[in-house]
Amino acid sequence: MSDLLWSDFAKVDMRIGTIMEVNDFPKARKPAYQLTIDFGSEIGIRKSSAQITKRYSKEELVGKQIMAVVNFPKKQIANFFSECLVMGAVDGDDVILMEPSVPIPNGLKIS
């Protein structure tokens, strides 16, 4: 049984964003990309590091809408600051991104 409360979940701000730019991240310990993500006018542009190189090419990620947590503190990974946490289902070293099934506005809140 978990000690978490509904109010704990409500503190996590999950939003929809569109990946605008993808770059290699050679300084990461594990293979990863550096993503630039547009979360709309309220949140703006955020950067994230994501270990999604096994399943996704850089080209197929540009323009893809994804889900991410936008209110965690920045996390330094090598020489890069990750400003949001991209959400995905993890199967060993394979990560499958969580994404909407139809296009929706950037910044839309997930609840």
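For the reader, a short list of remarks on this structure follows.
- Residue pairs meeting the criteria (Cβ under 8 Å; at least 6 apart or on separate chains; first touching a residue at least 40 places away in the same chain (Cβ under 8 Å), in region 50-62; second of a type in the set (Asp, Glu) and surrounded by fewer than 18 Cβ atoms within 10 Å (Cβ to Cβ)): Gln51/Asp93; Lys54/Asp93; Lys54/Asp94; Arg55/Asp94; Val62/Glu21
- Residue count, region 33-49 (criterion: hydroxyl-bearing (Ser, Thr, Tyr), in contact (Cβ under 8 Å) with a residue 24 or more places away in the chain and closer than 28 Å to Ala10 by Cα): 3
- Scanning region 84-94 for residues that are surrounded by 12 or more Cβ atoms within 10 Å (Cβ to Cβ) and modelled with pLDDT under 95 yields a single hit, Asp94.
- Residue count for region 13-32, restricted to those that are closer than 19 Å to Phe72 by Cβ and either in contact (Cβ under 8 Å) with a residue 60 or more places away in the chain or in contact with a helix residue (DSSP H, G or I) (Cβ under 7 Å, 6 or more places away or on another chain) (or both): 6
The values are calculated or read from the model by the stated rules, or taken from the named source; none is laboratory data. Bear in mind that the values here come from a model prediction, so they are computed numbers and not experimental data. All Cβ positions, glycine included, derive from the backbone under ideal geometry; neighbour counts span all protein chains shown.
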